[in-house]
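Accompanying notes for the structure given below.
The values are calculated or read from the model by the stated rules, or taken from the named source; none is laboratory data. Because the structure is a prediction, the values reported are computed rather than measured. In this analysis, Cβ positions are derived from the backbone assuming ideal geometry, glycine residues included, and neighbour counts consider all displayed protein chains.
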């Protein structure tokens, strides 16, 4: 049976294809859309800019990696899965990390998404309406560090395994987060 792809999935495939030959910061929205038989207005009906598309690609996989968190998967397992996502398509993600920088960059968009997802998971798992400010601060502080160190890990040719890195992150987790994650 033929499965119809969503417009977002088509645009994601187009970006991944073009990124094989070109730095992502040099790829235009018009080029992205044309490559998959769409128009620039169609692109903008789905994404604000190409950086949002870049983040969407990774964030879809991050959301999948959280499906079993707390039901068999530890937070260490989740972090390990995030790093394995990068390894599965290493050249694409290295292109994003090297060539999509700035305030709206891949790094910030994916990290903010992960922080929000984890905050929601903590609230659900511990029956909280809101995260106390000190917990949200610890979560944001920790996740910013995880994000930057995963980026360094990927850009330095993944000098240790995802599992080893995940263990380091768990050891460095702020004490107020440990019972929640």
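Summary of computed values
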quantity	calculated
Subset of segment 38-53 that is without any contact (Cβ under 8 Å) to a residue 12 or more places away in the chain and out of contact with any helix residue (DSSP H, G or I) (no Cβ under 7 Å at 6 or more places or on another chain) - its residue that is farthest from residue 107 (Cα to Cα)	41
Residue in segment 126-134 that is assigned to a helix (DSSP H, G or I) and surrounded by fewer than 16 Cβ atoms within 10 Å (Cβ to Cβ) present	yes
Residues satisfying the stated conditions in segment 119-144, i.e. out of contact with any strand residue (DSSP E or B) (no Cβ under 8 Å at 6 or more places or on another chain) and in contact (Cβ under 8 Å) with a residue 24 or more places away in the chain	122, 125, 126, 134, 135, 138, 139, 140, 141, 142, 143, 144
Selection count where residues are touching a helix residue (DSSP H, G or I) at 6+ places or on another chain (Cβ under 7 Å) and either surrounded by 12 or more Cβ atoms within 10 Å (Cβ to Cβ) or in the same structural domain as residue 60 (by TED's automatic domain parsing) (or both), scope segment 26-37	7
Which listed residue is in a loop (DSSP other than H, G, I, E, B) and either out of contact with any helix residue (DSSP H, G or I) (no Cβ under 6 Å at 6 or more places or on another chain) or surrounded by fewer than 16 Cβ atoms within 10 Å (Cβ to Cβ) (or both), from 63, 67	67
Selection from segment 1-37 of residues that are assigned to a loop (DSSP other than H, G, I, E, B) and without any contact (Cβ under 8 Å) to a residue 40 or more places away in the chain	1, 2, 3, 4, 5, 6, 21, 22, 27, 28, 36, 37
Segment 39-60, subset in a loop (DSSP other than H, G, I, E, B) and within 21 Å of residue 25 (Cβ to Cβ), residue modelled with the highest pLDDT	47
Single condition residue 136 does not satisfy, out of (1) at pLDDT 95 or above; (2) within 21 Å of residue 23 (Cβ to Cβ)	(2)
Residues of segment 149-181 classified as without any contact (Cβ under 8 Å) to a residue 40 or more places away in the chain and under 16 Å from the mean Cα position of the chain (by Cα), total	2
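Residues checked against (1) outside the structural domain of residue 145 (by TED's automatic domain parsing); (2) surrounded by 14 or more Cβ atoms within 10 Å (Cβ to Cβ); (3) touching a helix residue (DSSP H, G or I) at 6+ places or on another chain (Cβ under 7 Å):
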{"residue": "11", "(1), (2), (3)": "yes, yes, yes"}
{"residue": "18", "(1), (2), (3)": "yes, yes, yes"}
{"residue": "24", "(1), (2), (3)": "yes, yes, yes"}
{"residue": "56", "(1), (2), (3)": "no, yes, yes"}
{"residue": "101", "(1), (2), (3)": "no, yes, no"}
